[in-house]
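**Q** My questions will all concern the structure given below.
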Amino acid sequence: MDIIDLRSDTVTRPSAGMRDAMARAEVGDDQFGEDPTVNELQERVADLLAKEAALWLPTGTMANQVALRVFARPGDDVILARESHAMWHETGAAAANAGVQFTELGTGGVFTANEFRAARKPRGHPLYPPTTLVEIEDTHNRAGGVVFPPEEAVAICAAARELGVASYLDGARLFNAAAAGKRTAAELAAPFDLVSIALSKGLGAPGGSVLAGAREHIDAAVRYRRMSGGAMRQVGIFAAAGLHALDHNLGRLAEDHSNARLIADLVAQSPRVILDPKAVRTNILVFRLTGDGPDAATVVSRARDRGVLVFAFGPRTVRAVTHLDVSRQACRLAGTLLLEAVDASS
């Protein structure tokens, strides 16, 4: 039985072309700044995001953690959207590494500038931890690949600058947000002091993320990357995969979005599923299960028996993610099989 793996867009395998690019990569010692392929990737991403400089890191979690270290100090407060990756999916790293606390705002992966202003805690208060950073996740994973409204992001970053608060964009899937909103990644990145993108999500590379921002912030990130154990040597092989992904896989992201919507349209036919297919704009769909239906673990197990792998996001919540390794035909079949898994009598 052929398996249709929709657990995440990180499960992709490097294509033959990507493997060839990795094999031919020119390399050097990146800690000395001498890996030419890494340098090329960093310059490419800085240019794509219209930022002064960029830095390669092995993972998106490390990129998020380094960003916290650049802008916040132990005991500081960081504002972000409810259920953000940095709070929910990094095993408490922000508390353990940066020593910060989080304030969650909004609903559905989004919050407003007014909500930010109301939640922001001033420096010098005798009781409150100072808010030194506001973070936005775009697209928002747990909210179902939600695209953060660009105008609201601009307003939040403007308020942050006015109040002396830094801004960070966790843009692991920023290119998905750009494709869905028909904007450039540079437009979405423009308001923020520091931005990250992941190469191992919808772009299909086997690893790697990149931080981009002002040179002074990237210089600080270099130190915190090393402190986190992320300073590596001949990593041009990873950078080559990233460059290949940027060259070949950016333009096809809309296909993943269309495939996710196809699955959503099929699964939403079940009265046991709570899902608005029109809200599925990118490659992530998250659906809830009604109380009279099976729980998430049961749906995941039934789907696996039918050859479809999905992820339980909660007791009654399931996530599926489309990517370049699943065709439209496979997604159509997956949607049908997921519908069966939800509606099966046993």
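The values are calculated or read from the model by the stated rules, or taken from the named source; none is laboratory data. Small disclaimer: the values here were computed from a predicted structure and weren't measured. So basically every Cβ, Gly included, is an ideal-geometry build from the backbone, and we count neighbours across all protein chains shown.
**Q** Please verify whether ASP47 is modelled with pLDDT of 95 or more, buried (at least 19 other Cβ atoms within 10 Å of the Cβ) and out of contact with any strand residue (DSSP E or B) (no Cβ under 7 Å at 6 or more places or on another chain), treating the condition exactly as stated. Reasoning before the result, please.
**A** Working: modelled with pLDDT of 95 or more: yes; buried (at least 19 other Cβ atoms within 10 Å of the Cβ): no; out of contact with any strand residue (DSSP E or B) (no Cβ under 7 Å at 6 or more places or on another chain): yes.
It is false that ASP47 is modelled with pLDDT of 95 or more, buried (at least 19 other Cβ atoms within 10 Å of the Cβ) and out of contact with any strand residue (DSSP E or B) (no Cβ under 7 Å at 6 or more places or on another chain).
**Q** Shifting gears a bit: Quick check on my filter: what residues within the stretch 265-286 are touching a residue at least 40 places away in the same chain (Cβ under 8 Å) and either in a loop (DSSP other than H, G, I, E, B) or in contact with a strand residue (DSSP E or B) (Cβ under 7 Å, 6 or more places away or on another chain) (or both)?
**A** Step one: of the stretch 265-286, the residues touching a residue at least 40 places away in the same chain (Cβ under 8 Å) are 265-267, 269-270, 272-273, 279-286.
VAL267, GLN269, SER270, ARG272, VAL273, VAL280, ARG281, THR282, ASN283, ILE284, LEU285, VAL286 - these are the residues of the stretch 265-286 that are touching a residue at least 40 places away in the same chain (Cβ under 8 Å) and either in a loop (DSSP other than H, G, I, E, B) or in contact with a strand residue (DSSP E or B) (Cβ under 7 Å, 6 or more places away or on another chain) (or both).
**Q** Can you name the residue in the stretch 278-333 that is charged (D, E, K, R) and farther than 25 Å from VAL147 by Cα and, of all such residues, is surrounded by the fewest Cβ atoms within 10 Å (Cβ to Cβ)? Steps first, please.
**A** Step one: of the stretch 278-333, the residues charged (D, E, K, R) are 278, 281, 288, 292, 295, 302, 304-306, 316, 319, 325, 328, 332.
Then drop every residue that is not farther than 25 Å from VAL147 by Cα, which leaves 292, 295, 302, 304-306.
Working: ASP292: 7, ASP295: 16, ARG302: 19, ARG304: 13, ASP305: 12, ARG306: 17.
Across the stretch 278-333, the extreme among qualifying residues is ASP292.
**Q** Same structure, new question: Please state which one of ALA320, ALA330, ALA312 is without any contact (Cβ under 8 Å) to a residue 24 or more places away in the chain and within 26 Å of the chain's Cα centre (by Cα).
**A** Values: ALA320 fails: without any contact (Cβ under 8 Å) to a residue 24 or more places away in the chain; ALA330 fails: without any contact (Cβ under 8 Å) to a residue 24 or more places away in the chain.
The conditions single out ALA312.
**Q** Looking only at the stretch 26-44, which residues are of a type in the set (A, V, I, L, M, F, W, C) and surrounded by fewer than 22 Cβ atoms within 10 Å (Cβ to Cβ)? So that I can check it myself, show each step before the final result.
**A** Within the stretch 26-44, the subset of a type in the set (A, V, I, L, M, F, W, C) is 27, 32, 38, 41.
Across the stretch 26-44, the qualifying residues are VAL27, PHE32.
**Q** Residues to consider are ARG161, ARG173; find the one that is among the charged types (D, E, K, R) and either in contact with a Cys (Cβ under 9 Å, 6 or more places away or on another chain) or free of Cβ contacts under 8 Å to residues at least 40 places away in the same chain (or both).
**A** Numbers: ARG173 fails: either in contact with a Cys (Cβ under 9 Å, 6 or more places away or on another chain) or free of Cβ contacts under 8 Å to residues at least 40 places away in the same chain (or both).
It is ARG161.
**Q** Taking ALA212 as the residue in question, decide whether it is touching a Lys or Arg at 6+ places or on another chain (Cβ under 7 Å) and buried (at least 18 other Cβ atoms within 10 Å of the Cβ).
**A** On the way: touching a Lys or Arg at 6+ places or on another chain (Cβ under 7 Å): yes; buried (at least 18 other Cβ atoms within 10 Å of the Cβ): yes.
In short, yes.
**Q** Output the number of the condition that GLY75 fails; it satisfies all remaining conditions of (1) surrounded by fewer than 20 Cβ atoms within 10 Å (Cβ to Cβ); (2) touching a Leu at 6+ places or on another chain (Cβ under 6 Å).
**A** The single condition GLY75 does not satisfy is (2).
**Q** Same structure again: From THR91, THR37, grab the single residue that is over 15 Å from the mean Cα position of the chain (by Cα), of a type in the set (Val, Ile, Thr), assigned by TED's automatic domain parsing to the domain that holds THR184 and not in a helix (DSSP H, G or I). Before you say what the answer is, go through the steps one by one.
**A** Values: THR37 fails: not in a helix (DSSP H, G or I).
Criteria check complete, one pass: THR91.
**Q** Among the numbered criteria (1) outside any helix (DSSP H, G or I); (2) touching a Lys or Arg at 6+ places or on another chain (Cβ under 9 Å); (3) farther than 15 Å from VAL66 by Cα, which single criterion is violated by ALA159?
**A** (1)
**Q** Pick from the stretch 101-119 the residues that are farther than 27 Å from ALA312 by Cα and surrounded by fewer than 22 Cβ atoms within 10 Å (Cβ to Cβ): which of them is nearest to the chain's Cα centre (by Cα)?
**A** Ranking the candidates gives THR112 first.
**Q** A further question on this structure: With the structure loaded, tell me whether ALA212 is part of a strand (DSSP E or B) and more than 14 Å from the chain's Cα centre (by Cα) or whether it fails that test.
**A** Values: part of a strand (DSSP E or B): yes; more than 14 Å from the chain's Cα centre (by Cα): yes.
Yes: the conditions hold for ALA212.
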